[in-house]
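The values are calculated or read from the model by the stated rules, or taken from the named source; none is laboratory data. Quantities reported herein were computed from a predicted structural model and do not represent experimental measurements. Neighbour counts are summed over all protein chains in view; Cβ atoms, including those assigned to glycine, are modelled from backbone coordinates with ideal geometry. Only protein heavy atoms, including side chains, enter the accessible area calculation; ligands, DNA and RNA are left aside. Shrake-Rupley method; radii C 1.70, N 1.55, O 1.52, S 1.80 Å.
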Amino acid sequence: MVEMKPVSGIYRVALKLLMNDKSKFTALLVGITFAVFLMVMMMSMFSGILARSCAPVYNIGAKIWVMDPAVNNTNSSIPMPDYILSASRSIPGVKYSVPLYFGSALVKLKNGAYQAATVVGLDDATLFGRPEMIEGRIEDIFADNAFVVVKDAEYAKLESPKIGTQFEINDNSATVVGLAKVASSGLFGIPTLYTTYNRAITYIPSARFTTSYVLIEPKSDADIPGIQKAIAKLGYEALTRDQFVKKVSNFYTYKTGVGMNIMMMTAISFVVGLSISGQTFYTFILENIGKFGAMKAIGAKGNELVSMILVQAVVTSLIGYGLGVGAASTFMIIAKWRVPDYAAQLTYPTLGLALVMVMIIAGFSSYIGVRKVLQIQPFDIFRG
Amino acid sequence: MKGSVIISASNLVKWFGEGEARTVAVKQASFEAQYGEMLYIVGPSGSGKTTLLSMISGILRPNEGSVIVENQDIWSMKDDDLADLRLNKIGFVFQDYHLFPRLTTVENVAIPLILKKTEWNAAMELARDYLDIVGLKDRADLQPVKLSGGEQQRVAIARAIAGQPDILIFDEPTASLDGDTGRKIVEFVKTNILNEKRAIIIVTHDSRIYEYADRIMKMEDGKIVGYESGYENSQQHEK
Ligand SMILES: Nc1ncnc2c1ncn2[C@@H]1O[C@H](COP(=O)(O)OP(=O)(O)O)[C@@H](O)[C@H]1O
Ligand SMILES: [Mg+2]
């Protein structure tokens, strides 16, 4: 049996005082739970959008991405001239470098309807950035008109094609030779097709230039800064995977208003939670002020009263945090099940940030409670 | 032990406010309380009884003078030591009880024990024993609000004696009770709670309970103006 530490007696009293006050305790919990729920939902939505927006960067998996400096998100690549590829191959420290086509096309379905799709063209020589196959072999991508379809949430929009299914892409005929899966799905809710680089540029008409990205594998990480400098001299930008992700995230966060809105909503949830629980806790302390004064007269020390209040605030906040996070994840699980495209994802930074905010709420609530309780003069209790 | 000094107050002065607004609530008060006695402090409202009581029990710091409790000069002690002294030596029964409405009766009684860091279950068991002393063992698990005024007063007494104090302080213990109940409680305190190792000090202006006093100390306008024996006083009262 676990012996209770004697000191915990006053904490037990503190918790009984609060939890037995059903209406206040419920109000506190509802306030904190609601605030945590909203904060977690907002931030999860945001992380989901960011992760989706960077999906191709993760899926292709190259160490270095060369692009036009004006590119700010993966899907609006700006084609580069072919010499960038050959120039990159002669930069010291480059182990190999390959072109990547990344663009969109219109797929004409059997019923005559058109469906937009992302087309990824992999380097013919290496198939660098190839997806994981779940049906068929990747080598079949070299067959006539061959395309591999990614089986993700958008797959059904192409009428769930199988190996051998035919459709038209920009008036060229295409044959499905395999189904693949990728680590993360994209933000735009359209299906993804993989083919070879050469087929992609012949199927999809483009202006002068054709290379969307040049992917570089350095000999070692130490070579990366040198490669970046050399590419910069050509007037282009070489970013590591993390830098590219950061660039895209920054774009969505600061340039699209998504970040601002999410931040505002999170701040509002925080303030609402703060005021509801601060207010309720303060009322609770005020109602019990005479009792705390009596305890002080009986012999409770200042720091004992302070720790009682801290325990009340922290325990309540943690319970509210647990309920809020539980509610948010339940909501997300149900949403994901009903809406395959649902983007929100619960991340550790979100959980951490929400915990910090809840602790600020607890700290604020206990601060006003502590101030009140330390001001009590037991003499005033005597005088009634 | 009986008859020797437990509390000695010398030249206590307490004022409130400053300048024009200053009221001197207690003026040069000196007195002693002895082990084994029930000492009353009586006097009209506003005469300084509560102020004096607070100064001798370590709750209100005097502007002048000193208080010696069992050979300790309490107003030279640090705040936390003074809190410990109150916890270990003094039991309080407040006029409006100040029981926690959200705790059960037995938990309320256990508060001094818990502050003394008694383990929870042991504290509850002891608290039940003290409730038994005041005749409320069967009310242990009820909330105080379910009890009558007299019963709540007895819970407050159980809480005050749970810390086994040497000194018990009552401020107007019968003020919110009907005459009969008030008298019964004070009689109970005199026969069951008072013993040779403790002193009980009661502030009151309820003459119906004067008969239980060993000594009655009279205050007027912040000064101690004289003593009577409780018995004499109750005779006068009955005439
Ligand atoms: N905190 C205070 N501030 C100002 N005046 C006070 C305060 N406490 C007591 N007094 C004054 O001191 C005097 C004595 O009060 P008190 O000791 O409560 O009297 P009693 O208990 O005999 O009725 C009264 O005039 C009262 O108004
Ligand atoms: Mg008074």
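Table for the structure above
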| item | result |
| --- | --- |
| Per residue, in Å², the accessible surface of segment B:5-238 once ligands and nucleic acids are set aside, probe 1.4 Å | 41 |
| Among the listed pairs A:LYS301/A:LYS372; B:LYS14/B:LYS184; B:LYS137/B:LYS184; A:LYS372/B:LYS137; B:LYS78/B:LYS117, those beyond 25 Å (Cα-Cα) | B:LYS14/B:LYS184; A:LYS372/B:LYS137 |
| Shielding by partners, peptide B:83-95 (average Cβ within 10 angstrom, other chains) | 4 |
| Per-residue average of Cβ from other chains inside 10 Å of B:97-108 | 5 |
| Diffusion coefficient, µm² s⁻¹, Stokes-Einstein with Kirkwood Rh over alpha-carbon pairs of the protein assembly as shown at 4 °C and 1.567 mPa s | 42 |
| Sequence-distant aspartates and glutamates (8 or more away, or on other chains) whose Cα lies within less than 13 Å of A:LYS157 | A:ASP341 |
| Segment A:259-303-segment A:337-384 distance, computed between alpha-carbon centres (Å) | 8 |
| Inter-part distance where segment A:141-192 and segment A:3-75 are each reduced to a Cα centre, Å | 36 |
| Under 12 Å from the A:ASN111 label point (7 Å along Cα→beta-carbon), backbone N, segment A:152-189 | A:157-160 |
| Pairwise FRET efficiency - A:ALA70 versus A:GLU159, Cβ, R0 = 41 Å, nearest 0.05 | 0.70 |
| Residue among A:ILE262, A:ASN172, A:VAL248 farthest towards the positive dipole end of the protein assembly as shown, charges placed on Cβ | A:ASN172 |
| Between segment A:106-136 and segment B:78-140, the Cα center-to-center distance that results, in Å | 77 |
| Cβ-placed point charges (K, R +1; D, E -1), dipole of the protein assembly as shown about Cα centre in debye, nearest 20 | 1120 |
| Estimated distance in nm for a label pair at A:LYS233 and B:SER66, the labels positioned 7 Å out from Cα along Cα-to-Cβ | 9.1 |
| Between 0 and 90°, nearest 10: helix A:224-233 axis offset from chain A longest Cα axis | 60 |
| Among B:VAL155, B:SER47, B:LEU12 the positive-end extreme of the charge dipole of segment B:5-238 (Cβ point charges) | B:VAL155 |
| Debye, to nearest 20: dipole size of segment B:5-238, +1 on Lys, Arg Cβ, -1 on Asp, Glu Cβ | 280 |
| Rounded to 10°, Cα long-axis angle of helix A:258-287 versus longest principal axis of chain A | 10 |
| Cα gyration tensor, segment A:58-188 - rounded (a/c under 1.5), prolate or oblate | prolate |
| Solution diffusion estimate, µm²/s, Stokes-Einstein, segment B:127-200, Kirkwood Rh from C-alpha pairs, 20 °C, viscosity 1.002 mPa s | 169 |
| Loop trypsin sites (Lys or Arg not before Pro), segment B:16-83, which have at most 14 other Cβ atoms in a 10 Å radius of their Cβ (DSSP) | B:ARG22, B:LYS78 |
| Pair A:ASN303, A:SER275: separation of 7 Å Cα→Cβ label points (nm) | 3.7 |
| Most mobile listed residue (A:ALA51, A:ALA62, A:ALA35) in chain A, GNM with C-alpha springs under 10 Å | A:ALA62 |
| Nitroxide proxy distance, nm - points 7 Å out along Cα→Cβ at A:SER173 and B:ASN11 | 11.9 |
